[in-house]
Each structure stands twice: as structure tokens, then as C-alpha cells.
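Some notes on the structure that comes next.
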Amino acid sequence: MGKNGSVIRKHMGYWHIERRYAPEVQRFYLEHFNDYLNYHRPCAFATVTEDEKGRRTKKYKTYATPYERLKSLPKAKTYLKDGITFEELDKLALSRTDNEAARMMQEAKDKLFGKALKEEA
């Protein structure tokens, strides 16, 4: 499951983050941000249609988390890595509510940025 630049910039901002903070930013992504995006933040999924002239239009009717969308695919189990099951992933996804995950991610981000901004001042 991937993230695009707009999602990253929305949460991380457009300001320069010094290289010395890279390990802490990576830890934030691994411990908080990725789980929030994949299991708790809904996304719009496009349905592409093509008319008789070959013009393609997108309509956004499907809203789900990336994890829910993955589970809804035919033969979804074939996309999982060996040793990973949907039962394990369900436990992770259901271990906290969407609001709890958002709050925890925001608190971790505030802590990360508070440290970076404090040291720069």
C-alpha cells in the first residue's frame, strides 16, 4: 500500500526537515503513520469509464481504507506475503478505533515536530 506526495505533504508540511531527523521521521512512519493511512484513513477509489469516442472519465463512488479495499479484491489472499494472514491484519486494524489511531498519530507527529522545532530555535 502506497502513499502519494500530497498525503505526505499534508501531514508533514512543506518545510525542510534536516537529515539528522531522518531516523526519527522513519520511526514515526513505521510506528504510527503507515498504520493510520492503511487501516484507518478512508480513500476514494476511482471507477474509470470510457465513452464511444475513447474519452475516459473517473467517478469516485467507492470510499474505503486501503486495507478494506485490498480485502475486497478477488483472490485477495494471493497478494499477501508468505506467513501473513487476514486474521492477523484484522487484529491490527481492529486494535483501535479510527479516532484513536488519528489521535495517536497526531500526538506522535506533534512530539516529533516539537523536538525538531525546539532544537532549531
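A few notes on this one:
- Test: residue in the stretch 64-84 that is of a type in the set (Val, Ile, Thr) and touching a Phe, Trp or Tyr at 6+ places or on another chain (Cβ under 9 Å): yes
- The residues on offer are 33, 45, and the sole one that is under 21 Å from residue 7 (Cβ atoms), modelled with pLDDT under 95 and not in a helix (DSSP H, G or I) is 45.
- Residue match in the stretch 75-85 (condition: touching a helix residue (DSSP H, G or I) at 6+ places or on another chain (Cβ under 8 Å), more than 21 Å from residue 7 (Cβ to Cβ) and small (Gly, Ala, Ser)): yes
- Going through (1) at pLDDT 90 or above; (2) over 27 Å from residue 97 (Cβ atoms); (3) not hydrophobic (A, V, I, L, M, F, W, C) one by one, residue 5 falls short only on (1).
- Residue check for residue 31: over 20 Å from residue 103 (Cβ atoms) and of a type in the set (Asp, Glu): no
- Residue satisfying all of: in the stretch 14-73; of a type in the set (Val, Ile, Thr) and in contact with a helix residue (DSSP H, G or I) (Cβ under 8 Å, 6 or more places away or on another chain); nearest to residue 90 (Cα to Cα) among these: 65
- Count of the stretch 30-43 residues which are loosely packed, with under 15 Cβ neighbours inside 10 Å and not acidic (Asp, Glu): 3
- Filter pass, residue 108 being in a helix (DSSP H, G or I) and in contact (Cβ under 8 Å) with a residue 60 or more places away in the chain: yes
- Pick from the stretch 2-29, criterion within 10 Å of the chain's Cα centre (by Cα) and either of a type in the set (Lys, Arg) or part of a helix (DSSP H, G or I) (or both), ranking: surrounded by the most Cβ atoms within 10 Å (Cβ to Cβ): 29
The values are calculated or read from the model by the stated rules, or taken from the named source; none is laboratory data. Fair warning: this is a prediction, and the values are worked out from it, not measured in the lab. A quick note on method: Cβ atoms are made from the backbone with ideal geometry, for glycine too, and the neighbour counts reach across all protein chains shown.
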